[in-house]
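First up is the structure itself, then whatever we jot down about it.
The values are calculated or read from the model by the stated rules, or taken from the named source; none is laboratory data. Predicted, not measured: the structure shown is a model, and the values here were computed from it. Here the Cβ positions follow ideal geometry from the backbone for every residue, glycine too, while neighbour counts run over all protein chains shown. Heads up: the accessible areas ignore ligands, DNA and RNA and are worked out on the full protein's heavy atoms, side chains in. Shrake-Rupley method; radii C 1.70, N 1.55, O 1.52, S 1.80 Å.
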Amino acid sequence: LKQVAAAIHHPEEQTSQARALAELLDLPATQIDRHGFPDGESLIRVRLAARTAVVLWSLDRPNGKLVELMLTADALRRAGAARLVLVAPYLCYMRQDAAFQEGEAVSQQAVGRFLAQLFDSVITVDPHLHRTKHLSDVFPGSEAVALSSCPLLAEYLADAGEPPEGILIGPDGESRQWVEAIAAPLGLPVLVGEKQRLGDRKVRVTIPGIERTAGKPVVLVDDVVSTGRTLIEAASLLKAAGASSVSALVVHLLDREAQEALRAAGVARVTTTDSIDWQEGRIPLAPLLAPAVGRAIR
Ligand code: R5P
């Protein structure tokens, strides 16, 4: 058995990211084989066996993927893998970190336990950690590495020549860690809003100090965009307050329709990473992931 098989990836996704990662690490990349049975079950077959295997699988739209990930881990273990590394640029179910109402599952803990049973090491980018401070608390008994894309996003803004009079806006308290980390190296001012969630597609946002944005270009920053409602609400407040332009910088943009809705709401430019396969206008994460994967397979 070879020592390391790299970047075994989802049958339809992450192809270019897997290639880039494998190239940076000088390792092969291969897709898994998947057969979908007429009744909705899946058959998984791996073509590359190794003592250590890296599985690259971003966990947006996660429910089906979690089962296929379990089967992939089983196939790799049967083929002789002693160490499995999961690289999930987007890590699902992190926002439900508490039972907000009686009787609810704490999805973050349940999914964390599930993945920790399958993988020896989990590497992700900007997981939505809020009440849970450390990713290691989500993955009992496994190594857990949370990488920050903020330096790459700050570099993107610097290269894009964001004007020095611009303001970065976090739409809610949970975005504070990201907006501050991006603004700090650029010396840009920050405003952080307050959000009340009224439903899946209904939020109320207020931005204390919004009058400071009059006549200025602003960039909305968030870790996750799902429906886009949070940023759409914030963008309409900023336009009404007289911001000269509104653009957005998002780590994980979960829904293509949300990107279109943001554009329709007057957000001039929406920039994301390539954590999710379809995302456009993407900042590549392979250079951030490669050193961490290199350490995990050593
Ligand atoms: C939650 O706090 C996240 O950081 C995002 O603000 C939230 O997931 C965005 O959801 P949506 O785009 O549906 O408003």
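The figures follow:
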| item | result |
| --- | --- |
| Cα centroid separation, the stretch 92-169 to the stretch 199-236 (Å) | 21 |
| GluC sites (Glu not before Pro) lying in DSSP loop within the stretch 1-101, provided at most 13 other Cβ fall within 10 Å | Glu12, Glu41 |
| Portion, in percent, of the accessible area of the stretch 101-241 that falls on carbon or sulfur, probe 1.4 Å | 49 |
| Rel. contact order, % - alpha carbon contacts under 8 angstrom, at least six apart, the stretch 2-41 | 46 |
| Relative contact order, percent, the chain [alpha-carbon distance under 8 Å, six or more residues apart] | 14 |
| Aspartates and glutamates with Cα under 19 Å of Lys133, excluding same-chain neighbours fewer than 8 positions away | Asp97, Glu143, Asp172, Glu174, Glu180, Asp222, Asp223 |
| Whole-Å semi-axes of the ellipsoid equivalent to the stretch 163-221 (Cα gyration tensor, √5λ, descending) | 22, 13, 8 |
| Hydrodynamic radius of the stretch 1-146 per Kirkwood, over alpha carbon pairs, in Å | 15.7 |
| C-alpha long axis of helix 62-78 to longest principal axis of the chain, angle in ° | 30 |
| Overall form of the stretch 1-85 per C-alpha gyration tensor (a/c, 1.5; a/b vs b/c) | oblate |
| Label-point separation in nm, Phe114 to Tyr156, each point 7 Å along Cα→Cβ | 2.9 |
| Relative pair counts by distance (%), Cα atoms of the stretch 104-235, 5 Å bins | 2, 10, 17, 18, 17, 15, 11, 7, 3, 1, 0 |
| Normalised alpha carbon radius of gyration of the stretch 178-298 [divisor 2.2 N^0.38 Å] | 1.15 |
| Helix 176-186 vs. the chain, principal-axis angle (Cα, 0 to 90°, nearest 10) | 80 |
| 30 Å tail of the calculated P(r), the chain, as % of Cα pairs | 34 |
| Share of carbon and sulfur in the accessible heavy-atom surface of the stretch 22-100 [1.4 Å probe, %] | 49 |
| With Cα atoms, 0 to 90° folded angle of helix 286-297 axis to the chain main axis | 40 |
